Structures are given as C-alpha cells and as structure tokens.
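Peer 1: For reference, the structure I am asking about is given below.
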Amino acid sequence: MKRVLFLATTTGYQTRMFGEAAQRLGITLVFATDRCDQLDDPWWDGAIPVRFHQEATAVNAIVAAAQVAPFDGVLAVGDRPTVVGAHAARLLDLPGHPPEGAHAARDKRLTRTALRGAGLPTPIYEVVSSNTEPHLLTSRLSFPVVVKPLVLSGSRGVIRANTAAEFVAAFQQLQRLLQSPDVLMMQDAAASEILIEQFIEGREYALEGVLDDGTLHTFAIFDKPDPLDGPYFEETIYVTPSRATMRDQQAIKHAVGAAAKAIGLFHGPVHAECRVNPRGVFVLEVAARPIGGLCAQALRFVNQDGTSIGLEELLLRHAIGEPVSGWSREEQAAGVMMIPIPAAGVYRRVDGVDAATGVPGISAVHITAKRDQQLVPLPEGASYLGFIFARADTPDAVERALREAHAALRFTIDRAIAVG
C-alpha cells in the first residue's frame, strides 16, 4: 500500500475529501497538521504534529517519521504547508516543488520580482513596512493602485484606492488587519510589510493544473464572470470551460507556464490567477497548491475507459508517480459559487436551501457557516457562508443556475453587539 504525506492545516476544508479519495485508491494518507503536539495522537489518526511557522522543526519531525515508515509521495494544500512540504520532499528525495519556488509562490514580493526578472508583464509595484505613515507615500503614486499583504490569501486584505484619500484609508485598514490576533499568530515576518502595485484592468481567470517535471498540464481554466474591480476583490463565481477565445486561453496557459518557471515551481499542483487585457496576460499569482476550500468539487475528470474521478484523486495519483495525461475534464460545464458574507455579525440561520437545491442544474448547496459563528466580510474576513455547485450543458447555463440558487437563499445575520 502506497503512503502519501499530506500536509494541511486543521481548519482546512479539503482534508476529508482527500482522505476519502485516498481510501478509494487504497493509499495510506499520513497527515502532518498544526495540531497539539503535547498529547499523544489525540485524534487517533497517526498524524504528525507540526507548526508551519517553525519550518526546520516541522521538517525534522517529518523526516523522523519517514525513517520509521517511508513515504511514496508528498502533497500539500494551503499556502504555508506547501513550503514545509517542499523542504520535506527534497530531504526525502521525493518529487515536488523546490522549497525556493514554494516560498516565492506564497510571497507576493518574491513573485513580482521573479516575474519582472523573467520579462513577464508585471505591474509597477513597491513594498513598504506596515509601520509606514501612508500620507508620506501618496505623492509618488499613480492611481489607481492596490494595497496587498504579502502572504494572506483569498483576496484578504486586498483593497483598491483611486485617490490619495482612499489610499490612506486603505493602507490604515490593512495596517489594522495585520495587527489582528489571527494574523499575528502566523508569526510570519512577511506580514510586517505591504505591497503597493498599479491596478491592472481586465477580465480575471483562474487556471488549475499540475506541473510534471516542469511541464504544465492544464486541468481547467475558470471564468470569473463577476467584475473584480474593487474596492475589494471578493471572488464569487467560477465557471469552466472558459468562454474566453481560444487565443486568450492559449495565452493564459503560456503565461502561467512561464510564470511558474520564473517563480521556480517544478513538480506538483498549481493554482494560478491572472488578468487579461489588450496589453497581455498579467499573472497575479501561481500558488504551489490546488484550488482551495470546497471548490475542487466543481472538477471531474474522465479517462478513455469512462472512469470518472475528482481532483483529489487525480492529485494523489500524480503524487505517487502515476501519469495524469490520460485524464481530461468532463465535457459538461461546471461551476461553483463561493457565497459571500454580506455583512458583519452573528450567523443565525439560512432559509431557502431546498429552493436553491431545486434550481435546474444545481448539484449541491453546502452551507459551511455554523450557527452563532461570528462573521467577518472581506477584506478582513477569511471565509465564506458556503458553496453552491452546478453542472449544465453550457457555461452560461451554469452561471444562471448559480445566480438563481444564490438568490433563493436568505441568511439571517444579527448585528454584533460591542461589549465594554
């Protein structure tokens, strides 16, 4: 039985799905997660307790475990686990992304530096300390600009500013976010800096794929039909296959492949975000991991025998050395809507799930918010209310179904009461 080291945070959505995929394949999944290391296997699953901000200690714990029972592959989900996973793969002589590439992929400054150095389209940018007084920066900026944290993901902390006054407000808002308890708990030095870059106009797309010894295999290109023009950049709908022209799709694939090479990625999953406009394809990021959350449920793959599998199973097959070129995305169009949080407050309930599920084309509605959960919308928040999935004959039909299902949902969110 093959053994795959699986690195993930304990709060991630994807752990259960990969576990189920591993069972179907007969693979033993050995978890390395940021759980309590003071108790002896508290969840009775043989996981390796690690702290992702303590990379050397985490890697040493993994190597020690491998000496007892070797691994046949390494797979990581979430941005921070990818770096530890890359170090572990190198020391265990297993295929994977180089640690330098994984580190650059999760740091926006290193990504921008690598893309510019390779001559790829890159916005004008600079990185400043989060302690900088924003009024001192406005005279040298050409608006509109976007301020971003270097290491947070999912558009968290990303804010557009069209004027000097908006920039000061956005910068101060990001300063407060970087001082929030959950960000400070990351203990990441890069969280003390802020990226300021020129806003890039155009349509936004996502590419899901895998690098196999440096060669990009594209699984899907997703359209993002909702305009992402700010002031915040909350992602909502993903639809595939893309309705972009074949010329634009080929340009996206080429740009992502070139960007991955420039960053230093080589073998393993990649999830890329880019914008397309008349000036070309601007790659915003190439993450050394698969698509996050439950969104992978929108992807199904078939081979010549008609066997159908999900993204998790396909990535596990790749992790143990099986070829992925014989698998292609299903012909039917598919999509997912990440249900946005409309306002801050305390989540109480949702009505209309049955009506939403009954919309033609809707395959599932998953509400992941929990009763009495404190909700925080973007740009400070880091979660969604849930996910809606659809399949239909065309991308247009998928998009319509997702919007109709979302319109059927009614969320009750009580206003939070300040204490003290």
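Peer 1: Residues of region 354-383 being open to solvent by 40 Å² or more (accessible area, probe 1.4 Å) and either closer than 30 Å to F171 by Cβ or touching a helix residue (DSSP H, G or I) at 6+ places or on another chain (Cβ under 8 Å) (or both), which ones? Please lay out each step first, then the result.
Peer 2: We begin by selecting, within region 354-383, every residue open to solvent by 40 Å² or more (accessible area, probe 1.4 Å); these are 354-355, 357-358, 360, 363, 366-367, 370-374, 376, 380, 382-383.
Selection gives A355, T357, P360, I367, Q373, Q374, V376, E380, A382, S383.
Peer 1: Now for a different question. Can you give me the number of residues within region 176-214 that are of a type in the set (D, E) and within 26 Å of G230 (Cα to Cα)?
Peer 2: Quick first cut of region 176-214, residues of a type in the set (D, E) only: 182, 188, 193, 197, 201, 204, 208, 212-213.
Going one step further and asking which of them are within 26 Å of G230 (Cα to Cα), we end up with 182, 193, 197, 201, 204, 208.
The qualifying residues number 6.
Peer 1: Taking the residues in region 285-308 that are more than 19 Å from E399 (Cβ to Cβ) and without any contact (Cβ under 8 Å) to a residue 60 or more places away in the chain as candidates, determine which candidate is most open to solvent (accessible area, probe 1.4 Å).
Peer 2: Per the stated criteria, the residue is Q304.
Peer 1: Using beta carbons and a limit of 6 Å, which pairs, at least six apart or on different chains, have the first residue in region 67-79 and part of a helix (DSSP H, G or I) and the second one not basic (K, R)?
Peer 2: D79/S153
Peer 1: Can you name the residue in region 197-220 that is assigned to a strand (DSSP E or B), farther than 23 Å from L94 by Cα and of a type in the set (D, E, K, R) and is also most open to solvent (accessible area, probe 1.4 Å) among such residues?
Peer 2: The residue in question is R203.
Peer 1: Looking at (1) over 30 Å from T10 (Cα atoms); (2) open to solvent by 10 Å² or more (accessible area, probe 1.4 Å); (3) modelled with pLDDT of 95 or more, which one does I252 not meet, given that it meets all the others?
Peer 2: Every listed condition holds for I252 apart from (2).
Peer 1: So which pairs qualify, if the first residue must be in region 53-64 and closer than 15 Å to D34 by Cβ, the second must be open to solvent by less than 60 Å² (accessible area, probe 1.4 Å) and among the basic types (K, R), the Cβ gap must be under 9 Å, and the two must be at least 6 apart or on different chains?
Peer 2: Every condition considered, the pairs that remain are H53/R80.
Peer 1: Report, ordered by the first and then the second residue, all pairs with beta carbons closer than 8 Å, sequence separation of six or more or different chains, a first member in region 343-361 that is among the β-branched types (V, I, T), and a second member that is part of a helix (DSSP H, G or I).
Peer 2: Here the result reads T357/A405; V359/A401; V359/E404; V359/A405; V359/A408, each pair linking region 343-361 to a residue that is part of a helix (DSSP H, G or I).
Peer 1: Tally the residues that are at negative phi, modelled with pLDDT of 95 or more and not aromatic (F, W, Y), restricting the search to region 376-404. Spell out the reasoning first.
Peer 2: Here is the first cut: in region 376-404, the residues at negative phi are 376-385, 387-404.
Narrowing the set further to residues that are modelled with pLDDT of 95 or more leaves 385, 387-404.
Narrowing the set further to residues that are not aromatic (F, W, Y) leaves 385, 388, 390-404.
Residues in region 376-404 being at negative phi, modelled with pLDDT of 95 or more and not aromatic (F, W, Y): 17 in total.
Peer 1: Among the numbered criteria (1) in contact (Cβ under 8 Å) with a residue 40 or more places away in the chain; (2) under 23 Å from A382 (Cβ atoms); (3) not β-branched (V, I, T), which one does Q172 miss?
Peer 2: The one condition Q172 does not meet is (1).
Peer 1: If a residue has to be open to solvent by 10 Å² or more (accessible area, probe 1.4 Å), in contact with a strand residue (DSSP E or B) (Cβ under 7 Å, 6 or more places away or on another chain) and modelled with pLDDT of 90 or more to count, how many in region 3-24 make the cut?
Peer 2: Residues flagged as open to solvent by 10 Å² or more (accessible area, probe 1.4 Å), in contact with a strand residue (DSSP E or B) (Cβ under 7 Å, 6 or more places away or on another chain) and modelled with pLDDT of 90 or more within region 3-24 amount to 2.
Peer 1: Of all residues in region 123-141 being open to solvent by 30 Å² or more (accessible area, probe 1.4 Å), in a loop (DSSP other than H, G, I, E, B) and of a type outside the set (A, V, I, L, M, F, W, C), which is farthest from A287 (Cα to Cα)?
Peer 2: Per the criteria, the residue is E133.
Peer 1: Oh, and also: So which residues in region 271-300 are in contact with a helix residue (DSSP H, G or I) (Cβ under 6 Å, 6 or more places away or on another chain) and of a type in the set (V, I, T), if there are any at all?
Peer 2: V276, V281, V283, V286
Peer 1: Something else now. Inside region 145-169, can you point out the residues that are closer than 27 Å to I237 by Cα, in a loop (DSSP other than H, G, I, E, B) and either open to solvent by 40 Å² or more (accessible area, probe 1.4 Å) or charged (D, E, K, R) (or both)?
Peer 2: Across region 145-169, the qualifying residues are S153, G154, R156, N162.
The values are calculated or read from the model by the stated rules, or taken from the named source; none is laboratory data. Every value quoted in this text rests on a predicted model; they were computed, and no experiment measured them. Every residue, glycine among them, receives a Cβ derived from its backbone with ideal geometry; neighbour counts consider all protein chains shown. To get the accessible areas, we keep the full protein, side chains included, count just its heavy atoms, and leave off ligands, DNA and RNA. Shrake-Rupley method; radii C 1.70, N 1.55, O 1.52, S 1.80 Å.
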